[in-house]
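Here the structure is laid out as structure tokens; the discussion comes afterwards.
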């Protein structure tokens, strides 16, 4: 007799650091079923509420995105044999581990939970369960960790206030200090400082004071590549710090010929730093073998959860769950071999698919416009919410309404994940925080008279969905504009879904999805303003003539509609204090 079917075992590895949190879900066959990314999670810099928010996001995501072949298991994942390893930066002491364990068990009460630091997961990824070696990490922070038999040793890892020498944060802050000191003494903005200001969209060095006072650790660390390219002495100093810590750990563990694995985003992405760290380590330890860590460190968390044999690729059926905008375009698989002329034709051909996709679902746009017009007539507001390109396009459309239609700036507002900094540079992790989206809605006192349009090319951006859910709780009308079919959203929000298809360049949603977003937003505001009487014929009679060009346009509008000369039109406008509608009376 067969008895009860045996439930498949699942393993979840979570690694949190100064830049991002990664999670891998695997099964007992060694397959990685899902990979997820969220915002930073350093135990020393995060509250319990922030940690719980991330854990709950992961819990929701792994249930939601399991391949369909597994979603019909006889036991749901929350009740199947389930093991978790949580490895967070800053998790150093027994008290730290107890804190993380309690939080994890409150979210996954049936799971077996293992807790450690990001060094534990990094070491397990590089060396496995029982090999000796030394791990040198330089990412947002830095640390060196080694093992020899039952003995372990570490150097660094004291955080950015006490240590982190050789880390991205230390490199960037040291570089900024050097550049400002040079500016004070020589009165010149050297290339590294100029590049930093350009990257931050700052106009003067003085503006750095306010920026650095409010910048997070990962925002400062993001400037490290600028100084690694432009300041060789700083590069050599960083390499020396990391190598000296490695030598110290080797001496403590009596390792004369260790294998040293280099890990962390700064070391992985900067070949010159890797070269010099390797050179300095071999100078101190001539018999050392220095390698680049062979696996992503979050796979070590999966190993610590109990999944010792991991297949590096996603399960084949998981790929089908990727958003449509993340799938590869079969018509553009050989982009790198096409001529410039062919590439232009290719991009124009793909863009031509946008209009038909929008036209097929124009009724949805019509419903949204009617809802927005009704909201405006009762004194309501329109909010666009997005991350990355989607957020920037929302802010762009909102910012054009006051000069074009003389609307109050509060009438149409753009909300972007990461705030104003995200208008000028990528703040990728910001999109993963639904609580930040909800807070943005609360801070704007969104209510029953308002309309909120979330823009998410993938259909599942956490910041956007968090904002929409909060707006819905506050009884606002909500729409989700997306180009991949969303999951479990249509019961809560009206969906504006337009299948524009995979992008020319896989995942680059600033292309077709961006074009479609711009077109839809143009229609939402322009048609709404037409319905509100801000257009006569095809002329914008409510424009705000704040420049020479716009005043000339206002003169032409009045002259055309009143049938008078432009000189007379200008006189009427001056008398009406450049209010076009009053000048037309």
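Bear in mind these aren't lab numbers, they're just calculated from the coordinates by the rules spelled out. All values derive from a computational prediction rather than experimental measurement. Here the Cβ positions follow ideal geometry from the backbone for every residue, glycine too, while neighbour counts run over all protein chains shown.
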Report task. Beta carbons within 10 angstrom, averaged per residue: use that to sort the peptides 551-558, 403-410, highest first. Result -> 551-558, 403-410
Requested in this report: Using 0.36 nm per residue of separation minus the Cα-Cα distance, give me the extension gain between residue 98 and residue 472 in nm, one decimal.
Outcome: 130.9 nm
Report summary line: Taking a ≥ b ≥ c as the square roots of the Cα gyration tensor eigenvalues, with a/c under 1.5 meaning rounded and otherwise prolate when a/b beats b/c or oblate if not, region 105-160 comes out oblate
Query raised in the report: Order of 382-390, 292-300 by packing, highest average Cβ count within 10 Å first?
Result: 382-390, 292-300
Query - Per-residue [θ]222 nm for the chain (sum of -39500 (n - 2.57) over DSSP H runs n ≥ 4, rounded to 500) - result: -14000 deg cm²/dmol
Query - Label-point gap, in nm, between residue 269 and residue 327 - each point 7 angstrom along Cα→Cβ - result: 3.0 nm
Report task. May I ask you to derive the relative contact order of the chain, considering only C-alpha pairs under 8 Å and at least 6 residues apart, and to give it as an integer percent? Result -> 13 percent
Query raised in the report: Length gain on complete extension for the stretch residue 408 to residue 282, per 0.36 nm per residue less the alpha carbon to alpha carbon distance?
Result: 38.9 nm
Report task. Report which label in (i) 40, 35, 25; (ii) 49, 32, 21; (iii) 34, 32, 28 holds the value of semi-axes √(5λ) of the Cα gyration tensor in Å derived from the coordinates of this structure. Result -> (ii)
Report task. Could you check the simple spin-label distance between residue 152 and residue 367, using points 7 Å along Cα→Cβ, in nm with one decimal? Result -> 5.5 nm
Query raised in the report: Using a ≥ b ≥ c from the Cα gyration tensor of region 354-531 (square roots of the eigenvalues), is it rounded, prolate or oblate, where a/c under 1.5 gives rounded and otherwise the larger of a/b and b/c decides, a/b for prolate?
Result: rounded
Requested in this report: State, to one decimal in nm, how far the label point of residue 585 lies from the label point of residue 508, with both points 7 Å from Cα in the Cβ direction.
Outcome: 5.3 nm
Query raised in the report: With r defined as the distance between the Cβ atoms of residue 207 and residue 50 and R0 fixed at 41 Å, what FRET efficiency is calculated, to the nearest 0.05?
Result: 0.90
Report summary line: Stretched fully, the stretch from residue 357 through residue 335 gains (0.36 nm per residue minus C-alpha distance, one decimal, in nm) 5.6 nm
**Report entry** Within the chain, percent of DSSP bridges classed antiparallel, to nearest 5
**Finding:** 40 percent
